[in-house]
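Working notes, beginning with the structure itself.
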Amino acid sequence: MDRLLFNMTHRCGHRQLPGASAFDRHEARFIRAAFSCPHCLAELARRSMLDTRVFVNLRQQASDGLAFVIEVADASDELGELLASTGYHSNRKTLDEMSPGIRGLLHDDRFWSKEMSFASDADPRQVVEIIDRVKLEMTWLEPYLPLGAEAIEYCTFPL
Ligand SMILES: [Zn+2]
């Protein structure tokens, strides 16, 4: 199994690097091989002057619940396709903890988001599990960002 993964190549021809073992069951594990590698996509973003950033926030949902919301701003077209195939949706920006997606009237095709919801009375262990999923998400997204970890912001909303 591991050997197969190590030998997978990305669309750009570069070899797929093994991620953390927790990443083995992640939906992006295999899908991302169909796209250029993180290095090439980060380079593409740099050349295209895209300041791809990730914002992670906790947000009140319309229903009786909360959600960790991961928002990716200024993604290249190809990174957008990868995000779309791993559970992200093209979306409007979140303004604050209480107002999902009201900034900007039109959907922005460079702006992607993924929500991980839970009930406001959820078992704390379930919340910790979701936090671990958010961390894993940052682990695989970080190499795609031109500024790496510096481009990931917590409890800050997109401009
Ligand atoms: Zn590459």
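Structure above, values below:
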item: Which numbered condition CYS37 misses (of (1) over 16 Å from the mean Cα position of the chain (by Cα); (2) modelled with pLDDT of 95 or more; (3) of a type outside the set (A, V, I, L, M); (4) surrounded by 17 or more Cβ atoms within 10 Å (Cβ to Cβ)); result: (1)
item: Of all residues making up the stretch 77-96, the number that are under 24 Å from VAL128 (Cβ atoms), surrounded by 20 or more Cβ atoms within 10 Å (Cβ to Cβ) and within 10 Å of the chain's Cα centre (by Cα); result: 1
item: All helices (runs of 4 or more DSSP H) inside the stretch 4-87 with 1 or more residues being within 13 Å of the ligand (Cβ to nearest atom) and in contact (Cβ under 8 Å) with a residue 12 or more places away in the chain; result: 38-47, 77-84
item: Positions within the stretch 46-76 being more than 14 Å from the chain's Cα centre (by Cα) and of a type in the set (Asp, Glu), in sequence order; result: ASP51, ASP64
item: Some residue of the stretch 127-148 being surrounded by fewer than 16 Cβ atoms within 10 Å (Cβ to Cβ), under 20 Å from SER21 (Cα atoms), at pLDDT below 95 and among the hydroxyl-bearing types (Ser, Thr, Tyr); result: yes
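The values are calculated or read from the model by the stated rules, or taken from the named source; none is laboratory data. This structure is a prediction, so every number in the text was calculated from the model and none was measured. Because the Cβ atoms are built from the backbone with ideal geometry, glycine has one as well, and the counts that use them run over all protein chains shown.
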